[in-house]
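Here the structure is laid out as structure tokens; the discussion comes afterwards.
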Amino acid sequence: MQSDSIMRTVLVALGVCLVCSIMVASAAVSLSALQAENKKLDKLKNILQAGDLYTENMEIEKVYNEKVQAAIVDLKKGQVVEIDQLPEELQPANFDIRKVSSNPQYSTAIDPKTDPAQVKRVPQYMPIYLVKENNETQKVILPIHGKGLWSTLYGFIALERDLQTIAGLTYYEHAETPGLGGEVDNPRWKAQWKGKQAFDDSGDILITVIKGIVDKAKPSASYQIDGLAGATITTRGIDATLKFWLGERGYGPYLKKLAEEINNG
Ligand SMILES: Cc1cc2nc3c(=O)[nH]c(=O)nc-3n(C[C@H](O)[C@H](O)[C@H](O)COP(=O)(O)O)c2cc1C
């Protein structure tokens, strides 16, 4: 075969493609375990961040294991379920919110007319994360998800021991536009959540993500969060997400039971 023949050129090109695809495929396979580990670690980091327990360069897994206890809650009953009564896929370490929410065995459809956060299906069970000190609950960290503009945003909201004050909020997964809806990741925006009131004394939900900037001089500032500039749809989605998950169809029944437990010592 001539060195500049078409056949030779095609064969060389095919050979290069084959070698490259083998390299890419092997890299993807060998890195997938590392990616899964990093994803898990990122989730733990977000749990700690929501709970205001995270500091730069800390050993995330160690601190998580020392401070946080995961449990599974039956949302309707508002009760923690004994782990050994649950199948493998519902154990906290294996719990995949997407899978559980889309499985008709474990979830029910929500009427779209009453679902502004487009949660779509409410799972029977959800994981929750308790921060305990001397066996006393100090904080509870709750997974949340709901639709923004382009994507479903997955995150955590944490409440202090009074179950009224917010300790923090983080999102660990979304595909909103950087600089617009993606500003949910901006540390300055996230910092506002700490200390805001999620509920009033009678248990009604107060927390509201408004359109625009919160007027700090008004008493309502204690339960309002600045909207994301140029991203009203994401802003509305976050507001609706919180109202859903903190309400009766979300963690409401569990938070009532937990408040009784905490108050009764
Ligand atoms: C390329 C592009 C990306 C956008 N990304 C977002 C977004 O992530 N979240 C959002 O709420 N709005 C986003 N918007 C804007 C919405 O289309 C809509 O105009 C906006 O939510 C209205 O908000 P405003 O009333 O604050 O301007 C985007 C618009 C464009 C053109």
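We did not get these values from a lab; they are worked out from the coordinates using the rules stated. Note that the structure is predicted; figures quoted are calculated from it, not measured. Cβ coordinates were reconstructed from backbone atoms using ideal geometry, including for glycine residues, and neighbour counts include every protein chain displayed.
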Compute from the Cα atoms of the range 39-142 the Rg and the Dmax, the latter being the longest Cα-Cα distance, and quote both in angstrom.
15.1, 45
What is the angle, in °, between the Cα long axis of helix 6-50 and the longest principal axis of the Cα atoms in the chain? Nearest 10 is fine, range 0 to 90.
10
Summing -39500 (n - 2.57) over every DSSP H run of at least 4 residues in the chain and dividing by its residue count gives a helix-only mean residue ellipticity at 222 nm, to the nearest 500 deg cm²/dmol, of -11500 deg cm²/dmol
Please work out how much length the chain gains when fully extended from Ala175 to Glu66, using 0.36 nm per residue of separation minus the C-alpha to C-alpha distance, in nm with one decimal.
36.1 nm
Alpha-carbon Rg with Dmax, taken over the chain, Å:
22.6, 89
How big is the charge dipole of the chain about its Cα centre, in debye rounded to the nearest 20, if each Lys and Arg gets +1 on its Cβ and each Asp and Glu gets -1 on its Cβ?
600
Straight-line reach only, C-alpha to C-alpha below 17 angstrom: list the aspartates and glutamates that Lys256 could link to, leaving out same-chain residues fewer than 8 apart.
Asp74, Glu136, Glu160, Asp162, Asp200, Asp201, Asp204, Glu248
The range 139-241: trypsin sites (Lys or Arg not before Pro) in DSSP coil with no more than 13 other Cβ atoms inside 10 Å:
Lys211, Lys216
FRET efficiency for Ile6 and Glu37, using Cβ-Cβ distance with R0 set to 45 Å, rounded to 0.05:
0.45
Could you give the size of the charge dipole of the range 1-106 about its Cα centre, using +1 on the Cβ of each K and R and -1 on the Cβ of each D and E, expressed in debye and rounded to the nearest 20?
340
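Quick check on my link table: of Lys190/Lys216; Lys76/Lys243; Lys77/Lys139; Lys39/Lys120; Lys139/Lys194, which ones sit more than 19 Å apart, alpha carbon to alpha carbon?
Lys77/Lys139; Lys39/Lys120
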Which of Asp239, Asp226, Asp200 has the fewest other C-beta atoms within 10 Å, and how do the rest follow up to the most?
Asp200, Asp226, Asp239
Between the range 118-195 and the range 17-64, how many Å separate their Cα centres?
20
Determine how many Å³ per residue the convex hull of the Cα atoms of the range 121-218 encloses.
145
Label model pair Leu14, Asn57: point-to-point distance (7 angstrom along the Cα→beta-carbon line) in nm is 5.5
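Over every pair of different alpha-carbon atoms in the range 166-265, take the mean of 1/r and invert it; report that Kirkwood radius in Å.
So the Kirkwood estimate lands at 14.5 Å.
Do you know the relative contact order of the range 67-263, to the nearest whole percent, from alpha carbon pairs under 8 angstrom that are 6+ apart? Write down the numbers at each step before the final one.
Values: 383 pairs, mean separation 39.0, N = 197.
Rounded, it is 20 percent for the range 67-263.
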To the nearest 0.05, the calculated FRET efficiency linking Asp204 and Glu136 through their beta-carbon distance, R0 being 35 Å, is 0.85
On average, how much area does the Cα convex hull of the range 1-62 cover when viewed from any direction, in nm²?
6.7
Amide N proximity, the range 103-135 versus Val81 label position 7 Å along Cα-to-Cβ, cut-off under 13 Å:
103-108, 123-128
Measuring from the longest principal axis of the C-alpha atoms of the chain, the long axis of helix 252-263 (C-alpha) lies at a number of degrees, nearest 10, equal to 60
GNM on the chain, C-alpha springs below 10 Å: top fluctuator among Leu169, Leu159, Leu53?
Leu53
Gain upon complete extension [Ser151, Arg188; 0.36 nm per residue less C-alpha separation]:
11.1 nm
